[in-house]
Amino acid sequence: MRTVRDRIRGWFVLSLTVVLASLVVSACGGASEPTPTPVPSPTPAAAVQPSSSEPTPTAVPTPTPMPTPTTASATPTMDHGMSGHGMGSAMPNVGNEFQTGTLVIRNVWARAASQADALSAVYMVIENTGEQPDRLLHAHCDAAGTVELHETKMEGGVMKMQPVDGIDIPAKGTVELKPGGLHVMLIGLTRDLNPGDEIEVELHFDKAGHVPVKAVVQKP
Amino acid sequence: MPARPWLRRLVVAQLAAIAIVVAVIGWSLWQSRAAPSLNGMLLDPPQEIPAIQLTGSDGQPHTLTDFQGKVTVVFFGYTHCPDVCPMTASTMARARAMLGNQADRVQLVFVSVDPERDPPERLASYLAKYDPTFLGLTGDEDRIRELATAFGVHYAKVESTSALGYLVEHTSSSFVLDTQGKLRAILPFGLTPEQVASDLRALLRR
């Protein structure tokens, strides 16, 4: 009698242990997969005042600065400059490449715009394979009255754009001109820039001199 | 009673442990349903937005509370901004296009922080390139300032040496109003269209 009851009890305990173990395993597995972080970023959320009844909520938290997408890293390991940074899919890859001396300029594209818009921007990746640093001084484009070099900077979620005197291209380095960072700005368009068009842009470098490239116009 | 007390204690402990695990799983499931995880930042509770009337790119008067029943994406910018604003406009338009038959339930709104250079017609032609349903808002400077302040948006004219004349620095985040017209989420600049579409889907589901 006693042995039977003990045996039953033993099986009961064993089965409970199995159930518990499987629950723990499933809980751990289930919790780590979908990661249901209820409130995404903890710091700015704390700044939101919960009293939403007041129609004058002056301080909506501006989300903390983005990983300022300015110049790309100066390491020549970046073979495909268009990788990552959270903007990948919005960044076209037109696949063109221009070479002069030690400079390789690729993925040159411009944003489509009408003449009425008056403005557009040209982006590219400039790689310097040489031992000497170079500098992009200015640019020229027959589709625009004025061409300037600009830089957008993010400071605490605020976008600040300013003209720059030049863009340094370090020796053995790569600089990426991309939305939210450095760009060649076309001001006073002389014609519409339609997707698929090619526009001629002449880049003037300190050492490499004049480098003509063609930018492919992309749908905005 | 012949039962060994340690065995009973073990059984009780195991039952308690099972109860705890079940409770934790249940709680996390409930949490994940109650608060969808967003790529942007969810505001809980949502915030009221003042009904400030501005002129739309369609020439009609509009307030941001006009679009109840839809999820509204709002961002502030200016058409002489050829870098960040087009990027944001493009991201939002692509995200909306990804929603398929739910796209009709999303309204995109661009509020000009440069009304001096952004009359309704200019906004209309600037925005139509991205999405024909994109609405631009412009108008009285004081009202725009009031609306921006309600969103915590900073903007300021900056004199520059550029041929553009002055530039306008401004907050680059976008804002999502829920179907009740309340501010529900903030999307930082730099999200991909896929990330934004996923957030919009989550907010439409609520």
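Bear in mind that the values in this text are calculations on the coordinates, not laboratory data. Keep in mind the model is a prediction, meaning the values are calculated, not measured. In this analysis, Cβ positions are derived from the backbone assuming ideal geometry, glycine residues included, and neighbour counts consider all displayed protein chains.
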Task: Residues residue B:97 and residue B:146, FRET efficiency given R0 of 30 Å [Cβ-Cβ distance, rounded to 0.05] - done: 0.40
- [ ] Take the alpha-carbon centre of segment A:173-220, take the same for segment B:46-80, and report the distance between them in whole Å.
- [x] 34 Å
Open item on the list: Using amide H atoms built in the peptide plane, which far-off residues or other-chain residues are under 5 Å from residue A:208 H to H?
Closed with: A:135
- [ ] Could you go through segment B:184-195 in sequence order and give the Karplus-derived ³J(HN,Hα) for each residue, using 6.51 cos²θ - 1.76 cosθ + 1.60 with θ = phi - 60°, rounded to whole Hz, and x for Gly and Pro?
- [x] 10, 8, 10, 10, x, 5, x, 5, 7, x, 4, 5
TODO: Quick one: net charge around residue B:81, please, counting Lys, Arg +1 and Asp, Glu -1 for every other residue with C-beta under 12 Å from its C-beta.
DONE: -2
Open item on the list: If I model a spin label as a point 7 Å beyond the Cα along the Cα-Cβ vector, how far apart are those points for residue B:23 and residue B:6 in nm?
Closed with: 2.8 nm
Open item on the list: Among the listed pairs B:129/B:182; A:153/A:214; A:153/B:157, which have their C-alpha atoms separated by more than 18 angstrom in this model?
Closed with: B:129/B:182; A:153/A:214
Open item on the list: If I take R0 = 56 Å and measure r between the Cβ atoms of residue A:168 and residue A:12 in this structure, what FRET efficiency does the formula 1/(1 + (r/R0)^6) give, to the nearest 0.05?
Closed with: 0.15
Task: Spin-label pair residue B:121/residue A:97, simplified geometry with 7 Å Cα→Cβ offset, distance in nm - done: 4.7 nm
Open item on the list: To test your reading of the geometry: what angle, between 0 and 90 degrees and rounded to tens, separates the Cα axis of helix B:141-150 from the longest principal axis of chain B?
Closed with: 10 degrees
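Once the other residues with Cβ under 13 Å from the Cβ of residue B:191 are scored (Lys, Arg +1; Asp, Glu -1), what is the net sum? Mind showing how you got there, number by number?
Details: positive: B:94; negative: B:194, B:199.
Net charge around residue B:191: -1.
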Task: Local electrostatic count at residue A:165 - Lys and Arg +1, Asp and Glu -1, tallied over other residues with Cβ under 12 Å - done: -3
Task: residue A:121 long-range amide H proximity, modeled H, under 5 Å - done: A:111, A:186
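Give me B:151, B:67 ranked fewest to most by other Cβ atoms within 10 Å of their Cβ, as a rough exposure proxy.
Working: B:151 25, B:67 19.
With the sparsest Cβ surroundings first, the list reads B:67, B:151.
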- [ ] Quick one: angle between helix B:5-34 and the longest Cα principal axis of chain B, in degrees between 0 and 90, rounded to 10, please.
- [x] 10 degrees
Open item on the list: Show me, for segment A:139-151, the HN-Hα J-couplings you get by feeding each phi into the Karplus relation (A = 6.51, B = -1.76, C = 1.60, θ = phi - 60°), rounded to Hz, glycine and proline as x.
Closed with: 9, 9, 8, 6, 8, 9, x, 10, 10, 10, 9, 10, 9
- [ ] Note the angle between two axes, namely the Cα long axis of helix B:84-98 and the longest principal axis of the Cα atoms of chain B, as a number of degrees from 0 to 90, rounded to the nearest 10.
- [x] 60 degrees
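For residue A:191 and residue A:142, compute 0.36 nm times the residue count separating them, minus their Cα-Cα distance, and round to one decimal in nm.
Result for the pair: 16.7 nm of gain on full extension.
For a footprinting-style exposure proxy, rank A:150, A:138, A:183 by other Cβ within 10 Å, fewest first. If you can, show how the numbers build up before the last one.
On the way: A:150 23, A:138 15, A:183 26.
By the 10 Å Cβ count, ascending: A:138, A:150, A:183.
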